[in-house]
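Single-structure report; data block below.
The values are calculated or read from the model by the stated rules, or taken from the named source; none is laboratory data. Everything numeric here is computed off the predicted structure, so don't read it as measured data. Neighbour counts are summed over all protein chains in view; Cβ atoms, including those assigned to glycine, are modelled from backbone coordinates with ideal geometry.
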Amino acid sequence: MSARKIILSVIMFLYLTTFCTPPVWAAPQVVGQSAVLIDARSGKILFEKNGAVRMAPASTTKVVTGIIAIELSEPTDIVTAGKNSTIVEPSAIGLKEGETIPMENLLYSLLLKSANDAAIAIAEHIAGSVPQFTALMNQKAREWGATGSNFVNPNGLPDDNHYSTARDLAVIAGHAMKNPEFRKIVATKVKVIPRADDSAVKWLENHNRLLWRYDGANGIKTGYTRQAKQCLIASAAKGDQEFIAVILASEGNNIWTDAKTLLDYGFANFATYKQTDANRPVTTIKVADGTKNVTLLTKEDFYYTLPKGQTADVTHKIELNKNIMAPVKKGQVLGKLKYYIAGSEIGAVSLIAQEDVPVKTLTFTVTNKSVPANPLLVGALVLGLFMVWHIRKRRRRMKSSNRLWINRNLLK
């Protein structure tokens, strides 16, 4: 083979291997016993190590407590600390029984300083008791798609029946980070809160060291017990991308390098694409027994994730609920818009009603005017018509009887 052909063959080989095959990356190495990396926009799992294994979540539990409190209360709500808030283990802000404090300040105490007493005060304020609040935690976690967890307290203190998974915590964190108030709190490095007692804890410094050490870091929550070891839910955003990393049972300072390794892996190797905006009209459908048709809108934005350098054709299919009947309420979920790449489903968004659709009312016509059908009015009308008919029938019978009597008299 000539030298020219050899050179051309080498160039062709390099072109094919460099530009025409998808890149293959080495999986990140983490010390933590369990870990997950997801694209926060699409929810796609990009890396997993024992992601579905039950683990002690320690204070990452407080993400659940915090987002429930934000969704079910107002920042200005005044919370009165009960006795149970004063007898928990540190970390704490030293709540005194009967002390009043705004919910917003409790949330900063919970999510920055990881205050266990704040978690108890929040739980009792929201649900009346810790058991009732933990029942709510489990219910909400399942609604969000976290089905492998069981919570028995709002702060993550050790209990054999209190567990979660890295995958579940990633799902919960993804839900929480959609809330602007939650995002603001977990991205805060330092917060000073007022307290009635000047000697009480007021300076709150976030335990999440990544906020100082990693470019783009914006949350979320640390955790530690002897049983759980070092735990962290970390998030970071750069440009239009955001990733969430969960590491459980790591060792010492490795928790920070584990998080950095996972986040770097996400930003270096994956691209996030937006397919659909929220509130986009998709289709118009008939509503059985309704006064009109209804337009369906996408409930939320839809994103998907691909390895950098790859492209794909995304198709979609509308899937409606069965037996859609009036009345329909604005915002009611009536179906799904499912997305596919090469025939495989990559996700879906809910389709919601754009407006109310009331039940169609029966009508009847009187002197060319359409009047709503009132059952009592209809009954009275029918009865009146029957009486008129009956009276006329009797008159006809009486007239016939009289004619017969007259005729008989004439014949005599």
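Here are the numbers for the structure shown:
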quantity: Condition broken by D159, with the remaining ones in (1) of a type in the set (D, E, K, R); (2) free of Cβ contacts under 8 Å to residues at least 60 places away in the same chain; (3) touching a Pro at 6+ places or on another chain (Cβ under 8 Å) satisfied; calculated: (3)
quantity: Any chance L72 is surrounded by fewer than 22 Cβ atoms within 10 Å (Cβ to Cβ), in contact with a helix residue (DSSP H, G or I) (Cβ under 8 Å, 6 or more places away or on another chain) and farther than 22 Å from V192 by Cα; calculated: yes
quantity: Residue match in segment 360-379 (condition: touching a Gly at 6+ places or on another chain (Cβ under 7 Å), modelled with pLDDT under 95 and surrounded by 10 or more Cβ atoms within 10 Å (Cβ to Cβ)); calculated: yes
quantity: In segment 47-65, the residues that are closer than 16 Å to A234 by Cα, of a type outside the set (S, T, N, Q) and in contact with a helix residue (DSSP H, G or I) (Cβ under 6 Å, 6 or more places away or on another chain); calculated: G51, K62, V63, V64
quantity: Qualifying residue in segment 192-206 (condition: of a type in the set (S, T, N, Q), closer than 23 Å to E71 by Cα and either over 15 Å from the mean Cα position of the chain (by Cα) or in the same structural domain as I70 (by TED's automatic domain parsing) (or both)); calculated: yes
quantity: Segment 23-81: number of residues that are over 22 Å from T305 (Cα atoms) and outside any loop (DSSP other than H, G, I, E, B); calculated: 20
quantity: Single residue of segment 40-58 satisfying the filter (of a type in the set (A, V, I, L, M) and more than 15 Å from the chain's Cα centre (by Cα)) that is farthest from T147 (Cα to Cα); calculated: L46
quantity: Pair list, Cβ under 7 Å, 6 or more apart: segment 44-70 residue on the phi > 0 side of the Ramachandran plot, other residue at pLDDT 95 or above; calculated: N50/Q33; N50/S34; A58/G156; A58/G223; A58/Y224; A58/T225; A58/A228; A58/C231
quantity: Residue that is nearest to G219 (Cα to Cα) [pool: residues in segment 97-119 that are of a type in the set (A, V, I, L, M) and more than 24 Å from the chain's Cα centre (by Cα)]; calculated: A115
quantity: Whichever residue in segment 75-96 is without any contact (Cβ under 8 Å) to a residue 40 or more places away in the chain and surrounded by fewer than 14 Cβ atoms within 10 Å (Cβ to Cβ) and, among such residues, is nearest to the chain's Cα centre (by Cα); calculated: T76
quantity: Candidate set: segment 161-219, residues that are part of a helix (DSSP H, G or I) and of a type in the set (V, I, T); chosen: the one surrounded by the most Cβ atoms within 10 Å (Cβ to Cβ); calculated: I172
quantity: Every residue from segment 75-88 that is in contact with a helix residue (DSSP H, G or I) (Cβ under 6 Å, 6 or more places away or on another chain) and not polar (S, T, N, Q); calculated: P75, D77, V79, A81, G82, V88
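Listed here are the residues, each with its yes/no results for (1) among the small types (G, A, S); (2) outside any helix (DSSP H, G or I); (3) buried (at least 21 other Cβ atoms within 10 Å of the Cβ).
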site: S109; (1), (2), (3): yes, no, yes
site: A118; (1), (2), (3): yes, no, yes
site: A121; (1), (2), (3): yes, no, yes
site: Q132; (1), (2), (3): no, no, no
site: A135; (1), (2), (3): yes, no, no
site: N138; (1), (2), (3): no, no, no
site: R142; (1), (2), (3): no, no, no
site: V152; (1), (2), (3): no, yes, no
site: G156; (1), (2), (3): yes, yes, yes
